Amino acid sequence: MEIKISPIEHALAKLLNLNGVNYYWKDKARGEGKQMGVIAQEVEAVLPELVSENKDGIKSVDYDGLFPVVVEAIKEQQGGLKNIEERIQALEKQ
């Protein structure tokens, strides 16, 4: 069996379009107290494969699927920071 694997591209840009929010469910059966999450419609706009909709039209986010995107975004950001650090060191040597 062959599996096609490809890198997650532009992970940081995708995550920057999302907002972490606190919320309370109106329906106590879904959970009580303060919850944390992201807005499904925002996720759907940049990562539609991570959003599903039930028969009642309620959208939910696959948070496990969001984790690899976060990993790649951190790696992108760290690469940018390393580049900046190297540039600063080069300037300090001048």
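Of note:
- In segment 11-45, of all residues being touching a residue at least 12 places away in the same chain (Cβ under 8 Å) and assigned to a loop (DSSP other than H, G, I, E, B), the one that is nearest to Asp62 (Cα to Cα) corresponds to Ile39.
- Counting the residues of segment 1-34 that are charged (D, E, K, R) and modelled with pLDDT of 95 or more gives 2.
- Taking segment 1-41 as the range and being surrounded by 11 or more Cβ atoms within 10 Å (Cβ to Cβ) and among the small types (Gly, Ala, Ser) as the test, the residues that pass are Ala11, Ala13, Gly31, Gly37, Ala40.
- Test: residue in segment 50-61 that is surrounded by 13 or more Cβ atoms within 10 Å (Cβ to Cβ), touching a residue at least 24 places away in the same chain (Cβ under 8 Å) and either part of a helix (DSSP H, G or I) or not polar (S, T, N, Q) (or both): yes
- The requirement of being exposed (fewer than 13 other Cβ atoms within 10 Å of the Cβ) and either within 9 Å of the chain's Cα centre (by Cα) or part of a helix (DSSP H, G or I) (or both) is not satisfied by Gln77.
The values are calculated or read from the model by the stated rules, or taken from the named source; none is laboratory data. None of these values were measured; they are calculated from a predicted model. Cβ sites come from the backbone with ideal geometry, for glycine too, and all protein chains shown count toward neighbours.
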